[in-house]
1. What is the residue count in segment 29-55 for residues that are open to solvent by 20 Å² or more (accessible area, probe 1.4 Å) and either touching a Pro at 6+ places or on another chain (Cβ under 7 Å) or hydroxyl-bearing (Ser, Thr, Tyr) (or both)?
2. In this structure, is Leu256 out of contact with any His (no Cβ under 7 Å at 6 or more places or on another chain) and without any contact (Cβ under 8 Å) to a residue 24 or more places away in the chain?
3. Every residue in segment 340-377 that is over 21 Å from Val30 (Cα atoms) and without any contact (Cβ under 8 Å) to a residue 40 or more places away in the chain, please.
4. Pairs needed: first member in segment 71-100, among the β-branched types (Val, Ile, Thr); second member anywhere, within 16 Å of ligand 2 (Cβ to nearest atom) and open to solvent by less than 20 Å² (accessible area, probe 1.4 Å); C-beta distance under 9 Å; at least 6 residues apart or different chains.
5. Looking at (1) outside any helix (DSSP H, G or I); (2) aliphatic (A, V, I, L, M); (3) away from ligand 2 (no atom under 16 Å from the Cβ); (4) surrounded by 21 or more Cβ atoms within 10 Å (Cβ to Cβ), find the lone condition where Met319 falls short.
6. When both residues are 6+ apart or on different chains and their Cβ atoms are under 7 Å apart, which pairs have a first residue that lies in segment 267-281 and is more than 10 Å from Leu317 (Cα to Cα), and a second that is among the β-branched types (Val, Ile, Thr) and within 12 Å of ligand 3 (Cβ to nearest atom)?
7. Using the structure shown, decide if Thr112 is of a type outside the set (Gly, Ala, Ser), assigned to a helix (DSSP H, G or I) and more than 20 Å from the chain's Cα centre (by Cα).
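The values are calculated or read from the model by the stated rules, or taken from the named source; none is laboratory data. Keep in mind that what you see is a predicted model, and the values were worked out from it rather than measured. Heads up, the Cβs are rebuilt from the backbone with ideal geometry, glycines too, and the neighbour counts pull from every protein chain shown. Only protein heavy atoms, including side chains, enter the accessible area calculation; ligands, DNA and RNA are left aside. Shrake-Rupley method; radii C 1.70, N 1.55, O 1.52, S 1.80 Å.
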Amino acid sequence: MYFKQEKIKYEGSKSLNPFAFKYYNAEELVLGKPMKEHLKFSMAYWHTISAQGTDMFGEATMQRHWDQGVEGIERAKIRVKVAFEFMEKMGLEYFCFHDADIAPVGETIEETNANLDIIVDEIEKEMKRTGIKLLWGTANAFSNKRYVNGASTSPNADVFAYAAAQVKKAMEITKRLNGSGYVFWGGREGYETLLNTDMALEQDNLARFLKLAVDYAKEIDFKGQFYIEPKPKEPTKHQYDFDAATAVSFLRKYNLNKNFKLNLETNHATLATHTMQHEVRYAADNGMLGSIDANQGDLLLGWDTDQFPTDIYESTLIMYEVLRYGGLTTGGLNFDARVRRPSFKEEDLMLAHIAGMDTYAAGLRIAAKLWEDQVLEKNLASRYASYKTGIGKKIVDGQVGFKELDAYVKGKKELDKNEPGRQEVLESILNQYIIG
Ligand code: XLS
Ligand code: NI
Ligand code: NI
């Protein structure tokens, strides 16, 4: 046993026990479906198991007794046990990882792959024992110094090749562990200055790389869903997969839109100066809402702080969009979130996940009521009613051109149907639903 605490239980909103859920009640039905199926919470291996609390100014702060006195592959093996005990105790039924999170990176790809095989054996055993599933896998093609100028967008073709080999292996592992998805986050796919960048070639190469991945998935019969994870900046000044809209049009340009969905991260939306609701709506409207990296940023800071989500307003609106879309299918809510450096105790990992899970569970409960009552939907229907009949219907049906529209407005002094937007009323109603 690595954690002192027992399995975390639901005690309801009046509970003062920090090691209990206040809103997340896994089996409770919401809109006819257990909460855990709406939410599909996932642990991010990199933040929760591997991260040590270093930052640009300071050394590791995390106290992790299981890491003491062991190194390399032995440490990696222990961490697998820690990860699964943690997920079991938290009731997290999914996890996500990068290749580099789970096993030591070797001098050569052969060495790295051999290490991965050893650890994947261990992970597979633990998955069988616990029933915990892999939400998605990915490759870390950004930390190693060879990726200094990018991976598939590096000016060095050898680096493109290396990244391909790495992704090939990561896809094989994901398939072996029956992952329901595979993520491509752009890592260092972007640029610092156009003075030294052939942007057209780099973007073509990024698309070529993704095509090769699609081909290889067919070859090995990997059926998981591919996702692009947009992010506007960091580590590069301009990341190619800037936001949902950019990623969707990039995929369309290269005819890859049928093969990919989006994995949207709340903090990345913030960095792109969008609300997460906007990002989720955009992906949903384009049929490309895949999965969510559930964290939160800080509006006063310009970087990816990856905080655990505690903003109920935001989680409500995100879950509202998810319900409106009909739910996540292959995707889930992955806590791509890390405890703050001063939250260095082992138990802080539990407390942070409880906070995040409760925030989304509460958001789901509120969003479900909003959806059931159709408050926002009814308002939308009446706001856009002019497109259901008369000239509006003709516009929608493509029955009129500029000439007919010109004839239609001739002689009209006042327009018929301009109504107030009711923003403040709707915001107050939302508050009523949130406060209850
Ligand atoms: C970094 C990204 C990364 C992806 C997986 O900002 O969020 O963690 O989710 O590579
Ligand atoms: Ni992420
Ligand atoms: Ni991030």
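1. The total comes to 2.
2. On the way: out of contact with any His (no Cβ under 7 Å at 6 or more places or on another chain): yes; without any contact (Cβ under 8 Å) to a residue 24 or more places away in the chain: no.
Considered against the rule, which asks whether it is out of contact with any His (no Cβ under 7 Å at 6 or more places or on another chain) and without any contact (Cβ under 8 Å) to a residue 24 or more places away in the chain, Leu256 comes out as no.
3. Those that are over 21 Å from Val30 (Cα atoms) and without any contact (Cβ under 8 Å) to a residue 40 or more places away in the chain: Arg340, Ser343, Asp348.
4. Close Cβ pairs (under 9 Å, with a partner that is within 16 Å of ligand 2 (Cβ to nearest atom) and open to solvent by less than 20 Å² (accessible area, probe 1.4 Å)) amount to Val80/Ile49; Val82/Ile49.
5. Tallying (1) outside any helix (DSSP H, G or I); (2) aliphatic (A, V, I, L, M); (3) away from ligand 2 (no atom under 16 Å from the Cβ); (4) surrounded by 21 or more Cβ atoms within 10 Å (Cβ to Cβ), Met319 fails exactly one: (1).
6. Asn267/Thr305
7. Details: of a type outside the set (Gly, Ala, Ser): yes; assigned to a helix (DSSP H, G or I): yes; more than 20 Å from the chain's Cα centre (by Cα): yes.
The answer is yes for Thr112.
Here is a yes/no grid of residues against (1) within 16 Å of ligand 3 (Cβ to nearest atom); (2) touching a strand residue (DSSP E or B) at 6+ places or on another chain (Cβ under 9 Å); (3) among the hydrophobic types (A, V, I, L, M, F, W, C):
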{"position": "Tyr182", "(1), (2), (3)": "no, yes, no"}
{"position": "Asn205", "(1), (2), (3)": "no, no, no"}
{"position": "Lys211", "(1), (2), (3)": "no, no, no"}
{"position": "Phe226", "(1), (2), (3)": "no, yes, yes"}
{"position": "Glu229", "(1), (2), (3)": "yes, yes, no"}
{"position": "Pro232", "(1), (2), (3)": "yes, yes, no"}
{"position": "Ala244", "(1), (2), (3)": "yes, yes, yes"}
